[in-house]
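Nothing in this text is a laboratory measurement; each read-out follows from the coordinates by a stated rule. None of these values were measured; they are calculated from a predicted model. No Cβ is skipped: glycine too gets one built from the backbone with ideal geometry, and neighbour counts run over all protein chains shown.
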Amino acid sequence: MLLQSRAADPGIGLQAGFDGQEPRDGQETLRRLRFGAFELVVARKVLTEHGRPLRLGNRAFDILLLLAERAGEVVSHQEIRSQVWQGIYVEDANLRVHIAGLRKVLGDGQGDRRFILNVPGQGYSFVAPVVSIAAGEISAGNPQAQAEAPARLPLLLTRLVGRDAELASIVDLVGQRRLVTLVGPGGIGKTTLALAAGWVLFDGGMRDLCFVDLAPLADPALVPSAVASALGLSVPSQSPTPGLVAALGRRKVLVLLDNCEHLIDAAARLAEALLRGVPGLRILATSREPLLAEGEWVHRVEPLGLPPEEAAQVAEDILLYPSVQLFVERATAHRDSFRPSEPAAQLIASICRQLDGIPLAIELAAAQLGMLSVQELSERLKDRLCLLARGRRTALPRQQTLRATLDWSHGILSDAERQVLHRLAIFAGGFTLDAAIAVVPEETDRDDIIDQIARLASKSLLSVDLGSDTVRYRLLHTTRAYALERLRENAGVAALARRHAAYCETLMRGAAPAWKDQPAAQWRETYCRGIDDLRLALDWAFGPEGDVRLGCRLTAMSAPVWFQLALVDEYRGRLERALDLGAATLAEDPALAARIHLALGTACYNTAGPGPAMLAAYARAAELVADLPEASLRVQAAWGMGGYHCVMGDYARSLAYCRSIGTLAEADGGDEARALHDRVMAWGLHLTGRHDAARRHAEQALAWRAPALRSAHGNFLQYDHQVAARSHLARILWIQGRADQAGQVVQDALALAGQLEYPPPMCHLLVAAACPLAIWSGDIATARALVARLRRLSSNLSFEYWRSWVTCYEAALALHEGEVGIELGATPLGPFHRDILSTLHVQLGDDATLARAEAGQAPWCAPEILRGRGELMLRQGAGAGPAAAAETLFRRALELARADGALAWELRAANSLARLRPETRQPILAPVLARFTEGHGTADWQAASALLAGPS
C-alpha cells in the first residue's frame, strides 16, 4: 500500500464523550503549547482547537508534542521512533500514517495553514510559531524550511470543505487499487479531491506524482504524449504508448489523470497499457463516467451534504452542513464582512439545495455576493432554474443544474462582460492581457477590455495566475465550454478564430529574434506556454474555414517552440501537412517554402536520422533559396546540406558546404553568420584531418561576443553555439595530445549544456565529445556514467538518432569490460557511426570502414582505423604473415598521424608497433611520448610509459 489506512491509529478524530472541561485537580498552571487556534495541554495529553477538545491517540499526541517542543528544528525519523515507540521496532510507513493523520486533524495544508513540514531524507519540522503558556517562551518556526511544491502536482489554493472522510477513503483506495476513477458530474469536485489525495500521499512519502489535465486536448492520439510531457518524457508519435511504457520502466509513480470524459476510450486504452507494462504505476483518474478499463475501481463522488428541506433548523445547525460551509467560506472571500443572519442562513440552505450541493455551482453563486444580497441571489437563482427546467426537459438533471448555475451567472453579467467572456473562450489555455487585447476587440477598446477582464476575474469566472512576472488568466474548463457554446449560438467564432490565429502568428514572429536577448526561462514563459493555442490556431488555419497562407507562416515561425518543447514528431507531421495543403500558396512564396523545408530537414534528422527524407528536405530548401536575396536562408540551407553529408561520412563535401557558409557570411555581414562559419569550419577541418587549422577556427568561434554566440544557433533549432564549439574544440585537443585541456573543455561544455534545460545540445555534446573522449582516455567508469546520461536524455525524447548512439557506446564499453560476442543488433548505423565505433575498440572496425580509411574518406580517424585493423590481425592469427601485415599498418598509421598532427593517434600506433617490435621502443616510441606535456593519466600514456620501463 502507498499509505496505510487511518485505522492504524483509531484515536485520530473528534473525541467522543469528552465534556471539554479542564480536570479539576487544583492545577491551574498546567503547561500548554499554543499554535494558531490549537493548544496542547501537556500533562493531560489533550489537543484543543478554539477550546474544543480533539481526540488523538497516544502515539500521535507524543509525535505532535515532540515536534512542537522543538519548533523550527528538524527532528529525524529515528529520533521520533526512538522516543515515541521506545524499545519497539516500527516501519517508516507507520510513522507516515500518524503524520498524515495529524495533518488531517490540524487541517495542515488547507488555505494558509502550515504546521508539519517533511524534510526529505531527514525528518519532520514543526514550522508554525509556538507559545509556551507557562513560560511565555516563543519558538518560531522556520518559514524558509517549507519545501516547494513538486512541479508536476499543482497546489490546492482553497481549503477542501466537507470531504475529510471521503478524502481518507480515496487515499486508502489508491493504496489498495492500481486504478481508481473518481466519477461524478461536472463541477462536483473530482479534480480538487484528486489533488488533495495526491498531496496527502506526497506528505506521506509518495514522491513520484504527476498531474495530467486532458481537458485542453481534442485529439485522442495526443493522450499518451500529454502523459509523457507531464512526466518529463517525450515519446515517438508512431508508437507513443509502447514508448511511454518503455520510458517508465520500473518507476513507482502515481499519475493523476484529470478530465478523461471527452477522451474516454483513449484514456482507458492508455490506462490498461500502462498498468500492464509498468508494475509500479498507479492511476487516479477523474471522469464523468467510468473508464470501463480492466482492474478499475470506481469511486462515485457525491454532492456536499445538504440541510434537509423539511426540518426547521436554527442558523447554528444549518452552518454545520458542508455545502453551507462552502458557500459561506467562498462568500466571505468575496465580501469579508459577510456574516449570515438567521434568515440568510435559511436562504443559503435553500440555494445550496437548488444547486444540488455541487461545489462549482455553489462557488459561482457565492461569488455574486459582492453585488447582490442573499435574498436577491435566491430570487434570481429560482427564476433561472424554473426557466431552464421548462426549456430543457430532455437534459440530464445534473446537466440542468450546472447549466442553470452557469446560465444564471452569465445572466447577471453586463452585455460588455458577456461579450468579453464569450470571446475569451477562444483561448485553449491561459492567456495574457496583451493576448486578450489583440483577440477580443471588435468595437471594444483597450481600456474596456482591461476593465471587463478585471470584473470577470473578481467574479471568479476567470482564474488568475500570479506565479510568474507576466499575469496570466484562464477560464475554468466548464466555464469555457459554456462560453464557447454561447459564442457559437451568436455565430461569432469565424472572425474571432482568425484574430486568434493572427495573434499567434504575431507572437511566434518574435520567437527566434527574442532568443538573442531574453533569458531562456523568460523566453520559454513567453513563447512555450501557449502551445495549446498554437495547436488550435494551426488546426483552424488548415481547416475548412481557415487561412492556409497564415497557417504556413505560423508553421514556419513556430519552429523554435516545437523544438524547445521536444515535440519534434508532432511538428514534423504539421510541417508535412503545411507542404501538402499549402502547395499552391508556397509555390508563390519560395522563402516561406524554404523555411518549412529547412525545419522539416532538421525534424527528420532528429526523429529518424540521416536518410532520404532529410536529404530531400534540405536539397529542396537549397534549390528554393538559390536565387533569393536572404543570405541567412542560404546559410541555413548550406548548414543543412553540410550536416547531412557529414553524418553520411562524406567529409570533403561537408567541408565544401562549410566553406560556402563563409562566403555567405561575408555577404550577410552579420556576426552571427561569421561565428557560425568559424564553428562549422572547425568541425569540417577536423573531420578532414586538418586539426591545427580546425583548432584555430574553434577558438575563434568561442571568441565572438556573447550576442553572436547566443544567436548563432537560433535558427538551427538543435545546437547551442557555445556548447557545440566546445565540443569540437575538445575533440581536436584530445587528438592533438592535449587530453587534460580537452577534459576541462568538456566539463565546461557539460555545465553550459546543463543550464539550457533543453536536451539536444547535451545529447550532441555527449555523442560527439564527452563519451568518446572518456573511452579514448580509458576512463571507463566516467564513460559509463556519461552513456547512462545519454540514455536517460534520449529515452525521454522523440529523437531516434540520439538513441542510436547509446547502442554504439554501450557496445564499446561492454568490450572494454571484457564481454565477448557483442552485437549491435538492428540499430541503423551510417558511416559516421562506424568511423567513431572503429576508434572505440579494435573489434568494432569493419571492412567498409577500413576501405573508407584507405581511400582517404575518413581522414580524422584513418590512423586509428589502420592501427585497429593491425591489432585485430594479430589477435586473429599467429605467425610471420599477420605480424608483417600488422607492422605495415602500424607504420602507415604512424605516418598519417604525424602528417595530420594527431599526436594521440601517433602514440597509439607507436605503442602497437613497440609491442610487436620491442626494438622500436627507444627510436620510435620514446620520442613520441616525450612530446606529451599533459594527459599522463590516459591509458595510452601509461601503457607507453610501462613499455619504455619494461625489459627490452
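FRET efficiency for ARG499 and LEU292, Cβ-Cβ distance as r, R0 = 25 Å, nearest 0.05? Present the calculation step by step, with values, prior to reporting the outcome.
On the way: r = 41 Å, r/R0 = 1.63.
Calculated transfer efficiency: 0.05.
Find how much the distance from ASP434 to LYS45 grows on full extension, using 0.36 nm per residue of separation minus their present alpha carbon separation; answer in nm with one decimal.
Values: separation 389, 0.36 × 389 = 140.04 nm, distance 5.76 nm.
Computed gain between ASP434 and LYS45 is 134.3 nm.
Stretched out fully, how many nm does the piece from LEU173 to GLU342 gain, at 0.36 nm a residue minus the Cα gap?
Values: separation 169, 0.36 × 169 = 60.84 nm, distance 4.00 nm.
Additional length available on full extension: 56.8 nm.
Using 7 Å Cα-to-Cβ label points, what is the ALA788/ARG509 separation (nm, one decimal)?
It works out to 5.0 nm between the two label points.
Residues in region 284-304 near a label at ARG251, defined as backbone nitrogen under 18 Å from the 7 Å Cα→Cβ point?
284-285
Which net charge results for the neighbourhood of VAL245, defined as the other residues with beta-carbon distances under 13 angstrom from its beta-carbon, given Lys and Arg at +1 and Asp and Glu at -1? Provide the component values of the computation, followed by the final result.
Values: positive: ARG250, ARG251, ARG269, ARG276; negative: GLU272.
Here the charged neighbours net out to +3.
Calculate the FRET efficiency for ILE780 and ALA946 from the Cβ-Cβ distance with a Förster distance of 25 Å, rounded to the nearest 0.05. Walk me through the numbers before you get to the answer.
Details: r = 18 Å, r/R0 = 0.73.
Approximately 0.85, to the nearest 0.05.
What is the extension gain from ASP445 to SER632, computed as 0.36 nm multiplied by their sequence separation minus the C-alpha to C-alpha distance, in nm to one decimal?
On the way: separation 187, 0.36 × 187 = 67.32 nm, distance 3.94 nm.
That works out to 63.4 nm of additional length.
List the aspartates and glutamates whose Cα sits under 15 Å from the Cα of LYS252, skipping any in the same chain fewer than 8 residues away.
Result set, ordered by chain and number: ASP208.
Ranked highest first by average number of other Cβ atoms within 10 Å, how do 123-133, 299-309 line up? Don't jump to the answer; show the numbers that get you there.
Numbers: 123-133: 20.1, 299-309: 16.3.
Descending mean neighbour count gives 123-133, 299-309.
Take GLU588 and HIS816, extend 7 Å from each Cα along the Cα→Cβ direction, and tell me the distance between the two endpoints in nm.
5.9
Using a Förster distance of 30 Å, how high is the FRET efficiency between ALA693 and ASP208, based on the Cβ-Cβ distance and rounded to 0.05?
0.05
Calculate the length of the line joining the C-alpha centroid of region 504-561 to that of region 190-225, in whole Å.
For region 504-561 versus region 190-225, the Cα centre distance is 27 Å.
For a footprinting-style exposure proxy, rank ARG653, ARG875 by other Cβ within 10 Å, fewest first. Spell out each step's value before the answer.
Values: ARG653 16, ARG875 12.
Ascending number of Cβ neighbours within 10 Å: ARG875, ARG653.
For a label point 7 angstrom out from the Cα of ALA218 toward its Cβ, which stretches of region 524-566 have the backbone nitrogen within less than 18 Å?
Once the point is set 7 Å along Cα→Cβ of ALA218, 530-552, 554-555 turn out to lie under 18 Å by backbone N, inside region 524-566.
If you average the sequence gap of Cα pairs under 8 Å that are 6 or more apart and divide by the length of region 164-300, what percent do you get for the contact order? Present the calculation step by step, with values, prior to reporting the outcome.
Working: 224 pairs, mean separation 52.1, N = 137.
It rounds to 38 percent for region 164-300.
Show me the ranking of peptides 176-184, 504-512 by mean Cβ neighbours inside 10 Å, starting with the highest.
Working: 176-184: 20.7, 504-512: 19.1.
Result, highest mean first: 176-184, 504-512.
Under a crude label model (7 Å from the Cα following the beta-carbon direction), how far is ALA652 from GLN238 in nanometres?
Result for the modelled spin labels: 3.4 nm.
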